[in-house]
Amino acid sequence: MKRLLAAAATASLAAAAFLAAPAPAVAADRTCRGTLGAVAVDDLVVPAGRSCVLDGTRVRGNITIERNASLRASGIRVDGNIQGQRFMRGNVVRSIVWGNIQLEQGGAAWLQSNRVDGDIQLFSNRNPTYVGKNRIGGNLQCTTNSYLPLGGLNVVGGNKEDQCRRL
């Protein structure tokens, strides 16, 4: 009987410890202020008004460029999307993006020699943009930008649309 009670007590303590254990941590967004080199991160955010330089960085999620923020990226790999709204600058060169690049209502953009499996979308940006020598699996879409986007020699699997139809 003592063994049975001892076993029951041990099982109760083990169950209580299991239930009281903290949940596994969920990876938070990585905030980039300054420079990141050849490291791997999950989702990455360039906070409002800040600048981020990525050189050889691997992003296993998405990159978000917040209001008045700037991103300068070279040789990066992004498993998700690069998205900026009301950003100051978005430069991406010689990089691989498995999702989309979407830059809206912002400043200047320079997209050169990238492989983008999804779409490149440039909408309602107020400063000059350049889109050249990219391989785009989806569409190249540009509308209502203050300046006609410059560039060319893009290989597009889908359609070249509106302001980008000649690129």
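Entry remark, segment 67-93: residues being out of contact with any strand residue (DSSP E or B) (no Cβ under 6 Å at 6 or more places or on another chain), of a type in the set (D, E, K, R) and under 18 Å from L36 (Cα atoms) number 1 in total. Considering R135, R89, R166, the condition of being among the charged types (D, E, K, R), under 22 Å from V46 (Cα atoms) and touching a residue at least 12 places away in the same chain (Cβ under 8 Å) is satisfied by R89 alone.
Reported count of residues in segment 82-99, each being aliphatic (A, V, I, L, M) and surrounded by fewer than 17 Cβ atoms within 10 Å (Cβ to Cβ), is 1. When A48 is tested against (1) part of a loop (DSSP other than H, G, I, E, B); (2) hydrophobic (A, V, I, L, M, F, W, C); (3) within 13 Å of the chain's Cα centre (by Cα), only condition (3) is not met.
W110: within 15 Å of R72 (Cα to Cα), free of Cβ contacts under 8 Å to residues at least 60 places away in the same chain and surrounded by fewer than 21 Cβ atoms within 10 Å (Cβ to Cβ), yes or no? Yes: the conditions hold for W110. The set of residues in segment 1-37 that are modelled with pLDDT of 50 or more and either under 23 Å from Q83 (Cβ atoms) or surrounded by 14 or more Cβ atoms within 10 Å (Cβ to Cβ) (or both) comprises A27, A28, D29, R30, T31, C32, R33, G34, T35, L36, G37. Across segment 52-81, the qualifying residues are those that are under 14 Å from A109 (Cα atoms) and in contact (Cβ under 8 Å) with a residue 24 or more places away in the chain, and the one among them that is surrounded by the fewest Cβ atoms within 10 Å (Cβ to Cβ) is S70.
The values are calculated or read from the model by the stated rules, or taken from the named source; none is laboratory data. Worth saying up front: this structure is predicted, and the values here are computed from it rather than measured. So basically every Cβ, Gly included, is an ideal-geometry build from the backbone, and we count neighbours across all protein chains shown.
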